[in-house]
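Okay, structure first, notes after.
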């Protein structure tokens, strides 16, 4: 696995060391885990924004048609 160097504030290094000791893992493991979570959350936000953009682009007539189909489907369930 390639290595990188980071400059961090002393307090953050202290917190990383303490958490790594508590979990019995390496600091590198904590950093990888944090980055994985950060990018996964970023991906969810980007996906959500993409869905909203697509919804905004959908013409109103298509929404009205979808509503009629939903109402018909709901009526069939009764």
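FYI, it's all coordinate maths here, none of it is from the lab. Keep in mind that this is a model prediction, so the values were computed, not measured. Positions of Cβ are generated from backbone atoms using ideal geometry, with glycine treated the same way; all protein chains shown enter the neighbour counts.
Brief remarks on what is shown
- Close pairs (7 angstrom Cβ cut-off, 6 or more residues apart or separate chains): touching a residue at least 12 places away in the same chain (Cβ under 8 Å) and on the phi > 0 side of the Ramachandran plot in the stretch 21-33, part of a helix (DSSP H, G or I) and surrounded by fewer than 11 Cβ atoms within 10 Å (Cβ to Cβ) anywhere: none
- Count of residues meeting criterion [over 15 Å from residue 3 (Cβ atoms) and more than 17 Å from the chain's Cα centre (by Cα)] in the stretch 21-46: 6
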